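Worksheet: the structure to be examined is printed underneath.
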Amino acid sequence: MSWFITVFTSAFLLPPLSLIILGTSGLFLLNRNLRLGKWLIGIMLFLLCILSMPFSADRLISQFEHYPAPDFSQHPTVEAIVILGAGSYFDAPEYGGDTVSRYALERLRYGARIYRATHLPIVVTGGNPAGGSPEALLMRDALTQDFAVPVRWVEPGSDTTWQNARNSRTLLPANIKTVYLVTHAWHLPRAIYAFKQAGFKVIPAGTSYNHARHTSLLDFIPQPRGLTNSYFAIHEAIGLIWYHLKG
């Protein structure tokens with residue numbers, strides 16, 4: 001229930017719903033306050049354009065991608081690899097049931113790469129807030145079946161990044177203190193804060209960076225990809241503020 005309330009509340013603050021609310025408010029005000037109504041509609045259209053342009057969206061999300069890729073040879077004290085869940089692909093016909101989402105697959109691919117470089121034990125963490133099989137079980141299956149990578153620990157009870165950290169600390173042996181934390185590069189600041197608060201020493205291991213993209217004229221045309229990146233950036237900003245308030 002807490003996950004649903006959090007997602008429901010954040011939906012009103014994030015695009016596209018926040019923009020829809022802003023524009024709808026402007027339409028309702030046209031008959032009562034023409035000037036204010038026009039201003040709200042204009043602001044909505046401006047924000048929709050800016051947030052949908054890959055050029056501005058990529059730069060917005062890259063503000064959270066300030067952790068470089070790790071050099072595995074420089075961290076001899078790391079004791080485990082923690083891979084965070086990122087949603088599920090429900091009722092996948094080609095897989096015969098639930099499996100990991102494409103975002104989770106990006107994290108698993110990089111986690112498998114780290115394993116091959118270090119041979120450290122892996123923990124996968126993620127529950128089932130939207131129903132279906134727990135993400136951690138789907139992640140384990142993908143790693144073992146598709147990447148031939150073993151999983152030592154499975155944490156299937158967490159619905160948020162904050163719970164990922166707390167439950168992982170409870171699950172892992174007390175002597176495991178330093179971990180590679182595998183997630184998307186834009187998710188690292190919030191995830192690192194949560195895991196440090198839980199008592200871990202974290203070596204960031206981000207994947208799917210956006211800041212290295214080549215810029216073309218098409219990046220100045222509003223596109224769904226731009227709105228998606230803006231959504232993630234604003235989501236992380238709100239989440240990071242909330243974690244600092246609760247931590």
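The values are calculated or read from the model by the stated rules, or taken from the named source; none is laboratory data. Just so you know, these numbers come straight off a predicted model, no measurement behind them. Cβ: placed from backbone, ideal geometry, glycine included. Neighbour counts: every protein chain shown. Note: accessible area is taken over every heavy atom of the protein model, side chains too, but ligands, DNA and RNA are not part of it. Shrake-Rupley method; radii C 1.70, N 1.55, O 1.52, S 1.80 Å.
Please specify each residue of segment 177-186 satisfying the condition of being open to solvent by 10 Å² or more (accessible area, probe 1.4 Å) and of a type in the set (A, V, I, L, M, F, W, C).
Passing the criteria: only Trp186.
Go through (1) within 20 Å of Arg107 (Cα to Cα); (2) open to solvent by 10 Å² or more (accessible area, probe 1.4 Å); (3) in contact with a helix residue (DSSP H, G or I) (Cβ under 8 Å, 6 or more places away or on another chain); (4) polar (S, T, N, Q) and name the single condition Gln163 misses.
(3)
Inside segment 189-219, can you point out the residues that are assigned to a helix (DSSP H, G or I), open to solvent by 60 Å² or more (accessible area, probe 1.4 Å) and either of a type in the set (D, E, K, R) or modelled with pLDDT under 95 (or both)?
Lys196, Leu217, Leu218
Could you run through segment 143-182 and say how many residues are among the charged types (D, E, K, R) and assigned to a loop (DSSP other than H, G, I, E, B)?
3
Conditions (1) at pLDDT below 95; (2) of a type outside the set (Gly, Ala, Ser); (3) crowded, with 19+ Cβ neighbours inside 10 Å; (4) not in a loop (DSSP other than H, G, I, E, B), marked per residue:
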| position | (1), (2), (3), (4) |
| --- | --- |
| Ile41 | no, yes, no, yes |
| Arg59 | yes, yes, no, yes |
| Ser62 | yes, no, no, yes |
| Pro76 | yes, yes, no, no |
| Ile83 | no, yes, yes, yes |
| Tyr95 | yes, yes, no, no |
| Thr99 | no, yes, yes, yes |
| Glu106 | no, yes, no, yes |
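Taking segment 43-53 as the region of interest, how many residues are open to solvent by 50 Å² or more (accessible area, probe 1.4 Å) and either free of Cβ contacts under 8 Å to residues at least 12 places away in the same chain or among the aliphatic types (A, V, I, L, M) (or both)?
Looking only at that region, the number is 6.
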